[in-house]
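The values are calculated or read from the model by the stated rules, or taken from the named source; none is laboratory data. Predicted model only: the values in this text are computed from it and were never measured. Cβ sites come from the backbone with ideal geometry, for glycine too, and all protein chains shown count toward neighbours.
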Amino acid sequence: MQMFCMGNATKRQICLFENITMHSYPDETDYLCSALYKWTGDAYAFNKTRHGPYIEVVNTPNNPDGTLREAVVKNRSDQGKLIHDLAYYWPQYTPITRPADHDIMYFTFSKSTGHAGSRIGWAIVKDREVARKMSKFVELTFAWMEAEEDVDTEKVLRGQIKVQGRTGRRFGVDQRYVRISMLSREDVFNHFLERLSTIKSVTNGH
């Protein structure tokens, strides 16, 4: 699951938590928008008055026990945001007793079709501004690099500076292009830039 920066920068970090942590959300929160968000753990232990703005992730049906869950913290003000992770909200996993009508909802085909590696999913978002920010985040997930003609950029990066990318041939362009993932910690990205600055000029991939 990807976590998105939905709010504007504030002096206080926004607390993010869920009911009984069994997922990778803490790690994702740690490196994504770490200046704005912090993981605070179990929703039952959260004190809204003391912690201020928050985001609660509701994973329902819950993975791995299939329990249907509701939000724990009552959202009585505009300080709270709810994200419903509905990866298993399919009739083969749970009875669909009413329409899903939450502010932010994540869905995926990977669970219902058994293609966990495909990561094909979508989000339904009521707030147009939040949806815009989420779309912009997806646009910035990858960076493209281009080399001179007849250079296999992916091989150059892997061979000279030990950086793994995906060749442009996988995406309908030639081998001069390579796609680099931008989703990582800041120190990893800075290390990537350091390695990139040491790359030597190449001709014909050598």
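Applying the condition of being touching a helix residue (DSSP H, G or I) at 6+ places or on another chain (Cβ under 6 Å) and of a type in the set (A, V, I, L, M) to region 146-178 and asking which residue is surrounded by the most Cβ atoms within 10 Å (Cβ to Cβ) yields 178.
Taking region 21-58 as the range and being surrounded by fewer than 15 Cβ atoms within 10 Å (Cβ to Cβ), aliphatic (A, V, I, L, M) and modelled with pLDDT of 65 or more as the test, the residues that pass are 35, 45.
Given the conditions (1) surrounded by fewer than 17 Cβ atoms within 10 Å (Cβ to Cβ); (2) modelled with pLDDT under 80, which single one is not true for residue 17? With (1) surrounded by fewer than 17 Cβ atoms within 10 Å (Cβ to Cβ); (2) modelled with pLDDT under 80 applied to residue 17, the lone miss is (1).
Screening region 92-146 for strands (runs of 3 or more DSSP E) wholly inside it with 3 or more residues that are aliphatic (A, V, I, L, M) and modelled with pLDDT of 85 or more returns the ranges 121-125. The listed residues are 102, 191, and the only one of them that is of a type outside the set (A, V, I, L, M, F, W, C) and in the same structural domain as residue 61 (by TED's automatic domain parsing) turns out to be 102. Among the numbered conditions (1) modelled with pLDDT of 80 or more; (2) among the charged types (D, E, K, R); (3) more than 23 Å from residue 132 (Cβ to Cβ); (4) part of a strand (DSSP E or B), the only one that residue 69 does not meet is (4).
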